[in-house]
Amino acid sequence: MSALRRKFGEDYQVVNTSRGTTYTPPAKKKRQRFVDKNGRCNVQHGNLGGETSRYLSDLFTTLVDLKWRWNLLIFILTYTIAWLVMASMWWVIAYIRGDLYRAHDASYTPCVANVYNFPSAFLFFIETEATIGYGYRYITEKCPEGIILFLFQSLLGSIVDAFLIGCMFIKMSQPKKRAETLMFSHNAVISQRDGKLCLMFRVGNLRNSHMVSAQIRCKLIKSRQTPEGEFLPLDQCELDVGFGTGADQLFLVSPLTICHEINPKSPFFDLSQRSLASEQFEIVVILEGIVETTGMTCQARTSYTEDEVLWGHRFLPVMSLEEGFFRVDYSQFHITFEVPSPPYSVKEQEEKMALPSPLTTPSLGNCKNRRDRLFSVDCIDTIEEQANKLPSKLQRMSSGKEDLQKKVLRMSPHNSEKTCSTGDLPLKLQRISSVPNHRDVEERLHLKALKGNSEPMTQSTGDLQQKIQIIQSVGSRPEDNLPPKLRKMNSDRLT
């Protein structure tokens, strides 16, 4: 082994080729999620420039959105600074009036009794602000500036209390923690339900209190490029989870399975089991509702990447009927099991169903009705095959009309590009072929040409005259010499 390492280098390794070893593919690199499983959005705003001043214009919301450690720091600093500033103002008034030097003189009336240094001024402010009122320090009537400062202190203290205490109360009563008791399944599954391929995931409520007006929405986050060449990173597309039928409105008292039907309008229309491994997308699920106890709107979020979508799986039932109530087993909330599912996409399945069967052929019944039949060479060939089964005498009688129809259809330059209904030229020629007299044919064609110049088939009068000459050159038909009874039978069969 050492000789081999000296010859091929230190990177030489012995590979075991025994059958017992299995190949383990390299682990797929975990890509960045747009929304975490706990609902946190991985988006950071940078290079705001001068736009940071907008946060100060909405200071209350800014304080509520801050983390708890910053809120507590701001709360403590605000009260501490306010107390120190107001205590300093009371000390300044006492210093200017000379109360600090004559505090022990019984004949002197100070602005604030028993305030002779800064600590005593600070204690007076705390007693006044907290409305403690020990009775030892008090303001006198011979200090107008002290009365004005007392009013200012009361107003400022009320404003600071309302702002900070209200901010702390709103932050504590935020329904974000209510979302912790709303569960989403770890994986989403794709399987058939009611004969249709569906994307499904599960949601549940752990509390006995209900979510009022609960509604769920799904967004598909996927980068794409437009036909004009524009690249759209993290493009958002709505997934229908029953908006038209009201299935998105949830009565969330027990775990529910949310279903998205994969149809031609779905972005997963061409998603198959094989293409799922190479796709890159993220499904963001948003559950909104009103908390029954507080009346505040709560929103819970989660997401599923392509690695968390299981093809051909179904969720295990969690509901069971006990004596007098229904029991939910949340230990099986995330468990799935495999079920038979087609590995093809819905688009491929519809294309296979649309392919015609090689055993089906056009029948005479499909061509019998004048208003529903489509005249083509194939339909005439089918009629010819079925006409061969008739007696020889009837075959000779109907051969003239069939030859006439074939010649007219093959004579048309656009017979292979469009099929004509009963209001187009083949029906007119069929009517002409049923008339025994050629003079009536010529008169009717002249009347049709005069009656409408814009018919579905753009043909000139000269083309019609050429076809009339061809019809007349066919010669007398055998059915003209038949008895009236057989002639009527033949015309009824063809019409």
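The values are calculated or read from the model by the stated rules, or taken from the named source; none is laboratory data. All figures in this text were calculated on a predicted structure; none of them were measured in a lab. All Cβ positions, even for glycine, are placed from backbone atoms using ideal geometry, and neighbour counts span all protein chains on display. Surface accessibility is based on the protein's heavy atoms, side chains included, excluding ligands, DNA and RNA. Shrake-Rupley method; radii C 1.70, N 1.55, O 1.52, S 1.80 Å.
Things to note:
- For the range 178-317, the fraction of 1.4 Å probe accessible surface lying on carbon and sulfur atoms is 49 percent.
- Only Lys, Arg (+1) and Asp, Glu (-1) charged, at Cβ; the range 177-352 dipole about Cα centre in debye: 320
- Tensor-based shape of the range 297-349 (alpha-carbon gyration tensor, a/c under 1.5 rounded, otherwise prolate or oblate): oblate
- Highest-first arrangement of 316-326, 193-203, where packing means the average Cβ count within 10 Å: 193-203, 316-326
- Inter-centroid distance (Cα atoms) of the range 165-241 relative to the range 97-150, Å: 61
- Electrostatic tally near P264: other residues with Cβ closer than 11 Å to its Cβ, Lys and Arg +1, Asp and Glu -1, net -1.
- Charge tally around Y116: other residues with Cβ under 14 Å, Lys/Arg +1 each, Asp/Glu -1 each, net +1.
- Among 88-97, 235-244, the order from most to least packed when residues are scored by Cβ within 10 Å on average: 88-97, 235-244
- A 1.4 Å probe run over the protein chains yields, for the range 87-132, 54 Å² of accessible area per residue, whole-number rounding.
- 15 Å beta-carbon shell around M86, net charge (K/R +1, D/E -1): -3
- Compared with the rule-of-thumb size 2.2 N^0.38 Å for a compact globular protein, the range 177-352 has a Cα radius of gyration ratio of 1.11.
- Take the Cβ atoms of D194 and D307, set R0 to 25 Å, and the FRET efficiency comes out at 0.35.
- Charges were assigned to the Cβ only: +1 to each Lys and Arg, -1 to each Asp and Glu. The resulting dipole of the range 113-205 about its Cα centre is roughly 820 debye.
- The ratio of the alpha-carbon radius of gyration of the range 66-174 to the globular-protein estimate 2.2 N^0.38 Å is 1.26.
- Sorting 264-271, 345-352 by their mean Cβ neighbour count within 10 Å, with the most densely packed peptide first, gives 264-271, 345-352.
- Coupling constants for the range 227-241 follow from the phi torsions by the Karplus curve (6.51 cos²θ - 1.76 cosθ + 1.60, θ = phi - 60°), and in residue order they are x, 7, x, 7, 9, 10, x, 6, 5, 9, 10, 7, 9, 6, 10 Hz; glycine and proline get x.
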